[in-house]
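J.: So that we are looking at the same thing, I have put the structure below in structure tokens.
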Amino acid sequence: MLKKKSLLVFGKAQVSAFIGGLVDYGVMVFCVELLFINLKYSIAIGGIIGAVINFSINKYWTYQSKKPSLTSQLIKFYIVVAGSIYLKSNGTYILTHLLQIDYKITRIMVDLVVSIGFNFMLQKYWVFRTTTLTESINQYSDTQIEKNSTKQQHEYQEV
């Protein structure tokens, strides 16, 4: 049975993906329709802009992830985004030409699969993951900081 917290995290991740995806999709359509940029490049441009938004929402709201470091998370996130853009651009291109359907429709089809099957799984279990060991270290560090702070305040009051 799924835990309530897991469902909440999944829901938040989907809201974050939806917001990032809307921006991504809007930028893609803007690039193709108004700037006449190639579809694959437009998907990459939209994907990068949408990814920045998605990363920010996920880091600070969905997973509230303070550890590991921002640099570590950004490197991992970059790898996920690169894979996501690759899958979305090639999947959209192939389905558009294979099924002879408008790219706006095939893009949504591909996004649904990539978003849940690729992005969510890698972000949850790799990019923003905090291991039990990491959580224990963080909790120990926080406890030590609190003890030192309390000790210093107590010493200050005695003086």
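The values are calculated or read from the model by the stated rules, or taken from the named source; none is laboratory data. Since this is a predicted model, take the numbers as computed values, not measurements. A quick note on method: Cβ atoms are made from the backbone with ideal geometry, for glycine too, and the neighbour counts reach across all protein chains shown.
J.: Mind checking which pairs have a first residue in the stretch 28-39 that is more than 13 Å from THR106 (Cβ to Cβ) and a second that is assigned to a loop (DSSP other than H, G, I, E, B) and among the aliphatic types (A, V, I, L, M), Cβ under 8 Å, 6 or more apart or different chains?
T.: Short answer, once both residue conditions are applied: CYS31/ILE37.
J.: Can you name every residue in the stretch 25-39 that is surrounded by fewer than 18 Cβ atoms within 10 Å (Cβ to Cβ), over 21 Å from the mean Cα position of the chain (by Cα) and closer than 24 Å to SER56 by Cβ?
T.: VAL29, PHE30
Okay, residues lined up against (1) at pLDDT below 90; (2) under 18 Å from GLY26 (Cα atoms):
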site	(1), (2)
GLN64	yes, no
SER72	yes, no
ALA82	no, no
LYS88	no, yes
THR92	no, yes
ASP111	no, yes
VAL114	no, yes
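J.: Please go through the stretch 3-24 and pick out each residue that is surrounded by fewer than 16 Cβ atoms within 10 Å (Cβ to Cβ) and part of a helix (DSSP H, G or I).
T.: Once the filter is applied, which keeps residues that are surrounded by fewer than 16 Cβ atoms within 10 Å (Cβ to Cβ) and part of a helix (DSSP H, G or I), the stretch 3-24 yields LYS4, LYS5, SER6, LEU7, LEU8, PHE10, GLY11, GLN14, VAL15, PHE18, ILE19, LEU22.
J.: Do you know which residues across the stretch 97-124 are among the acidic types (Asp, Glu) and either in a loop (DSSP other than H, G, I, E, B) or free of Cβ contacts under 8 Å to residues at least 24 places away in the same chain (or both)?
T.: Result: ASP102, single match.
J.: Do we have GLY46 as farther than 19 Å from PHE128 by Cα, among the small types (Gly, Ala, Ser) and in a helix (DSSP H, G or I) here?
T.: Considered against the rule, which asks whether it is farther than 19 Å from PHE128 by Cα, among the small types (Gly, Ala, Ser) and in a helix (DSSP H, G or I), GLY46 comes out as yes.
J.: If you don't mind, another one. From the list SER42, SER72, SER65, which residue is buried (at least 20 other Cβ atoms within 10 Å of the Cβ) and small (Gly, Ala, Ser)?
T.: Only one candidate qualifies: SER42.
J.: If you check GLY83 against the conditions, is it among the small types (Gly, Ala, Ser), assigned to a helix (DSSP H, G or I) and either in contact with a Pro (Cβ under 6 Å, 6 or more places away or on another chain) or closer than 22 Å to LEU34 by Cβ (or both)?
T.: no
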